[in-house]
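These notes concern the structure reproduced below.
The values are calculated or read from the model by the stated rules, or taken from the named source; none is laboratory data. Note that the coordinates shown come from a computational prediction; the quantities given were computed from them, not determined experimentally. Cβ: placed from backbone, ideal geometry, glycine included. Neighbour counts: every protein chain shown. SASA here: full protein model, heavy atoms, side chains in, ligands and nucleic acids out. Shrake-Rupley method; radii C 1.70, N 1.55, O 1.52, S 1.80 Å.
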Amino acid sequence: MSAKKENRIRAPRGTSDYLPERAASILWLDRLAGEVFSNYGYQRIITPTFEDTALFTRSIGEASDIVRKEMYTFEDRGGRSLTLRPEATAPVVRAFIEHNLGSQSLPVKLYYFSNMFRYERPQAGRFREFWQLGVEALGSPEPSLDAEVITLAADFLRALDIREGLMKIGSMGDENCRPQYTLILQKYLEEKRDSFCPDCGERLKFNPLRVFDCKNPECQKALGDAPKMIDHLCDECRDHFDGVRRLLKEVEIEFSIDPMLVRGFDYYTRTTFEIQSSQLGAQNALGGGGRYDRLVSDYGGKPTPAVGFALGIERLLAALKAEENVDLSAPRKIDVFLIVIDSEHRDQAFKLAIELRRIGLSAEVDYMNRSTRSQMKLADKMGAEYALILGPDEMARGEVVLRNLSTGEERPEKLSLVADKLGKIKGFE
RNA sequence: GUGGUUGUAGCUCAGUUGGUUAGAGCGCUGGACUGUGGCUCCGGAGGCCGGGGGUUCGAAUCCCCUCAGCCACCCCA
């Protein structure tokens with residue numbers, strides 16, 4: 001037990017053990033997501049934990065921070081370069097192409113709930129292993145699909161009773177209007193270069209849109225009258241964006257237009273969105289997503305427009321906790337606790353416990369040779385509804401005592417019939 | 001990767017200007033109640049004071065290094 005602390009192995013940095021209480025919260029979210037998402041027609045997909053490294057370098061963007069310094073990349077014994085998934089859109093798209101899911105009726109609507117890995121310095125709401133819940137809808141360019149996905153995200157937050165989520169939406173344009181806009185922006189930024197911080201000086205060279213993300217107040221001020229993508233959309237993109245906004249209003253989703261919204265992946269086109277929470281600290285995004293019309297064809301699939309989003313599970317839990325709207329720490333309750341008075345009846349208690357469990361009741365027994373009194377205390381602490389007492393006198397008559405722990409009422413029952421009886425009381429059989 | 005801050009029992013924390021066997025509450029456990037819980041009372045287990053090195057007669061307390069947590073930058077879920 002007392003291994004020297006220096007030698008003790010701990011969970012790796014940025015990871016954590018989800019002990020029963022927290023694990024239960026995660027599973028609860030998973031189950032709730034399953035309910036809400038299936039109403040919207042999304043089906044669960046599970047992809048591998050690791051993928052060919054090239055899958056991510058190509059989709060996320062060579063220049064992005066995630067690819068440059070945040071991936072868990074390793075070589076396996078066969079010399080393949082593999083990477084623990086930092087996000088799930090690329091794997092889902094890969095699976096979509098690999099299994100020719102595009103030949104089904106479109107759109108194909110999938111959701112996932114899985115762990116992601118990013119080599120980052122841990123911080124509030126940011127970990128090296130974390131969980132994401134997300135959807136991908138592939139096959140339609142219609143604004144209604146964007147609106148559906150955004151509504152689904154908002155409805156899920158509503159189902160969780162998270163009220164502080166702020167929906168922000170924007171548009172990145174497409175291959176027609178974005179390159180032109182980028183040039184206009186770059187030119188503007190170059191002219192006002194001295195007003196920006198050194199970081200932004202770098203950004204404007206390889207990814208000028210990123211300048212919008214800077215938190216430096218000086219930079220934000222200088223950006224005030226910078227040209228915005230949403231003012232330079234081509235006609236098609238403008239119509240699309242208008243369509244998304246109109247539909248969101250139809251279904252009463254509250255949102256604001258954020259002309260400065262920039263997301264971290266290079267593959268987005270047209271609609272992007274992000275849900276921010278004031279409860280979260282610096283890492284304030286509960287989730288986000290957008291449209292990626294080029295990704296499937298970039299991977300060699302048939303051109304397939306698509307849209308999706310991801311929510312951060314740990315951040316949802318943090319927001320839930322901060323808002324205190326939901327009690328995630330419901331105490332465990334059991335149906336029956338079996339109390340052994342004479343240790344010669346332990347085997348019978350063991351058998352009876354299993355019999356009760358097999359008919360669907362939760363039953364517990366003492367494993368520590370506790371006194372009767374201590375067993376009663378345990379039963380109480382576990383929130384047991386009944387205590388089943390195996391006393392030598394009753395056992396000699398083939399009976400046990402059934403005690404209702406909330407009323408204190410107790411009476412003898414035939415040992416051979418007590419399981420059936422409890423099953424009936426609890427509504428089984 | 002950079003900066004700030006913290007690190008004492010399972011948990012939340014005390015620990016006085018460095019001074020003998022390191023404390024509390026909760027939790028765990030035994031008992032008071034020899035076959036019966038929730039309250040109360042009494043007892044017990046559990047810490048090389050994150051780890052390593054140094055200063056000192058003496059370090060949980062001072063110094064250095066390291067690891068980890070937290071917070072921020074960066075970036076994003």
Check: Along each of its three principal axes, how wide is the spread of alpha-carbon positions in segment A:291-418, in whole angstrom units, largest first?
Finding: 78, 35, 25
Next item on the list: Starting at the first residue of segment A:384-393, write each ³J(HN,Hα) from the Karplus equation 6.51 cos²θ - 1.76 cosθ + 1.60 with θ = phi - 60°, in whole Hz, x for Gly and Pro.
Entry: 5, 7, 10, 10, 10, 9, 9, x, x, 5
Next item on the list: Using only Cα atoms, figure out Rg for chain A and give it as a multiple of 2.2 N^0.38 Å.
Entry: 1.30
Check: Mind checking which lysines have their C-alpha under 20 Å from A:K424, skipping anything on the same chain fewer than 8 residues away?
Finding: A:K333, A:K351, A:K414
Check: Exactly which GluC sites (Glu not before Pro) in segment A:342-427 are in a DSSP loop and have at most 16 other Cβ atoms within 10 Å?
Finding: A:E409
Margin query: Run the numbers for A:D161 and A:N207: contour at 0.36 nm per residue of separation, minus the present Cα-Cα distance, in nm.
Written below: 12.8 nm
Checklist line | Amide H within-cut-off set for A:I339, under 5 Å, with H built and near neighbours excluded | finding: A:L388, A:I389, A:L390
Check: Roughly how many debye, to the nearest 20, is the charge dipole of segment A:148-196 about its Cα centre, given +1 on each Lys and Arg Cβ, -1 on each Asp and Glu Cβ, and no other charges?
Finding: 160 debye
Next item on the list: Please name whichever of A:I339, A:N369, A:L352 sits farthest to the positive end of the charge dipole of segment A:311-387, dipole taken about the Cα centre and charges placed at Cβ: Lys and Arg +1, Asp and Glu -1.
Entry: A:N369
Item checked: Cross-link pairs beyond the 23 Å C-alpha cut-off, checked among A:K321/A:K377; A:K221/A:K249; A:K109/A:K302; A:K187/A:K215; A:K69/A:K215; A:K221/A:K321 -> A:K321/A:K377; A:K221/A:K249; A:K221/A:K321
Notebook entry, point to check: With all protein chains present, how much of the accessible area of chain A (probe radius 1.4 Å) comes from carbon and sulfur, to the nearest whole percent?
Noted result: 49 percent
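Would you mind working out the magnitude of the charge dipole of chain A relative to its Cα centre, with +1 at each Lys and Arg C-beta and -1 at each Asp and Glu C-beta, to the nearest 20 Debye?
Values: 61 positive and 67 negative charges, 217 e Å.
The calculated dipole for chain A is roughly 1040 debye.
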Checklist line | Computed over segment A:105-264, the ratio Rg/Rh where both radii use C-alpha atoms and Rh is Kirkwood | finding: 1.00
Notebook entry, point to check: Rg (Å, one decimal) plus Dmax (Å, integer) for the alpha carbons of segment A:107-165?
Noted result: 14.5, 39
Margin query: Under the rule of at least 5 residues apart or a separate chain, name every residue whose amide H is placed under 5 Å from the amide H of A:D293.
Written below: A:T269, A:A306
Margin query: If the rule is a partner Cβ under 4.7 Å, which cysteines in chain A fail it?
Written below: A:C197, A:C200, A:C237
Notebook entry, point to check: Summing +1 for each Lys or Arg and -1 for each Asp or Glu, what net charge is found among the other residues whose Cβ lies under 10 Å from the Cβ of A:I169?
Noted result: -1
